[in-house]
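Below is one structure, written out as structure tokens; comments come after it.
The values are calculated or read from the model by the stated rules, or taken from the named source; none is laboratory data. Treat the numbers as computed from the prediction; the structure is a model and nothing was measured. As a convention, Cβ positions derive from the backbone with ideal geometry for all residues, glycine included, and neighbour counts pool all protein chains shown. The accessibility values were calculated without ligands, DNA or RNA, using every heavy atom of the protein model including side chains. Shrake-Rupley method; radii C 1.70, N 1.55, O 1.52, S 1.80 Å.
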Amino acid sequence: QVAAMVADALDTVQPDGPDRSAEVLHRLTTALAAGAADPAHPHCAAHLHCPPLAVAVAADTVASILNQSLDSWDQAPAATAMETRIIAELADLAGYDGQRAGGVVTSGGTESNLTALLLARDHALAAHSDIDPTRTGVAAAADGARPRILCGEVAHFSVQRAAALLGLGEEAVITVAVDSEHRMRPEALRRTLHQVRENGDVPVAVVATAGTTDLGGIDPLAAVAHIAAEYGVWLHVDAAYGGGLLFSDRLRGLLDGLSRADSVSLDLHKLGWQ
Ligand SMILES: *Cc1c(COP(=O)(O)O)cnc(C)c1O
């Protein structure tokens, strides 16, 4: 029914006909609202997206009207300065030195995980072979070894996606057992890392999750950071969901250890719009 409403509204658009954009906008908006999952509904509980605050909607409207392109400073001077400032503030919240940490605003958690794992891949392979994979491609830089990414069994599927896009292949992702609270088991992580090294493979990154997508489990970040450091492996924390805890004075402590990560993903279109 919703699909039919959308098709019906789009069918009204005729390139040669009179301008019916106001009518089409109205019909499409009606179809979109009627077929939307409503995060403000009292029965819509415990999923990831929040009902945005009015001020967030207003800010989004301004951003749409100005349509700045953040790929270069000359196309978006103020927005570039704002992005830099926001990154510094978020880095500070995450416990990093906001002056030294860097970052980028992406489309969401999937692209953030991809970006972080790109950095981890290049870091690990350059250390392994002294060859920069950005220049030579993965095969030359891996020099016969197999790059590996370790994450908990219930990590988000974007970790496998990123591995595929980065030329490592989904099979490069090795999952580590979790406990009854869906948190990565530190001793299982240590065993797996040990095995990877024994096999002569290259551990590219350990990905811990702070707030698993379905159940909200938070991996023991401090213990995981300790083990990653012991093996000299890049630690990425996927805090796409749980990163919202940083905004709470009461709950922030649940993310203790986050600041020891080499990279962090936050997903602002989840709790950020609150
Ligand atoms: C939602 C989520 C993602 C993906 O975020 P998108 O914004 O949908 O790309 C990644 N990791 C976790 C843990 C998530 O909950």
Practice problem: Looking at (1) within 16 Å of the ligand (Cβ to nearest atom); (2) modelled with pLDDT under 95, find the lone condition where residue 261 falls short. | Solution: (2)
Quiz item: Under 6 Å by Cβ, and 6 or more places apart or on different chains, what pairs join a residue from the stretch 104-115 that is open to solvent by 70 Å² or more (accessible area, probe 1.4 Å) with one that is of a type in the set (D, E, K, R) and more than 8 Å from the ligand (Cβ to nearest atom)?
Solution: 105/83
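So is residue 224 within 12 Å of the ligand (Cβ to nearest atom) and at pLDDT 95 or above or not?
So residue 224 fails the test.
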Exercise. Just need a number here: residues in the stretch 204-223 that are open to solvent by less than 10 Å² (accessible area, probe 1.4 Å) and either in contact with a Lys or Arg (Cβ under 6 Å, 6 or more places away or on another chain) or of a type in the set (Asp, Glu) (or both).
Key: 3
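Considering the stretch 222-238 alone, what residues qualify as being more than 16 Å from residue 193 (Cα to Cα) and without any contact (Cβ under 8 Å) to a residue 60 or more places away in the chain? Before you say what the answer is, go through the steps one by one.
At the first step, the residues of the stretch 222-238 found to be more than 16 Å from residue 193 (Cα to Cα) are 222, 237-238.
Passing the criteria: 222, 237.
Out of 38, 97, report the one residue that is without any contact (Cβ under 8 Å) to a residue 40 or more places away in the chain, more than 30 Å from residue 221 (Cβ to Cβ) and open to solvent by 60 Å² or more (accessible area, probe 1.4 Å). Lay out the reasoning, then the answer.
On the way: 97 fails: more than 30 Å from residue 221 (Cβ to Cβ).
Among 38, 97, only 38 is without any contact (Cβ under 8 Å) to a residue 40 or more places away in the chain, more than 30 Å from residue 221 (Cβ to Cβ) and open to solvent by 60 Å² or more (accessible area, probe 1.4 Å).
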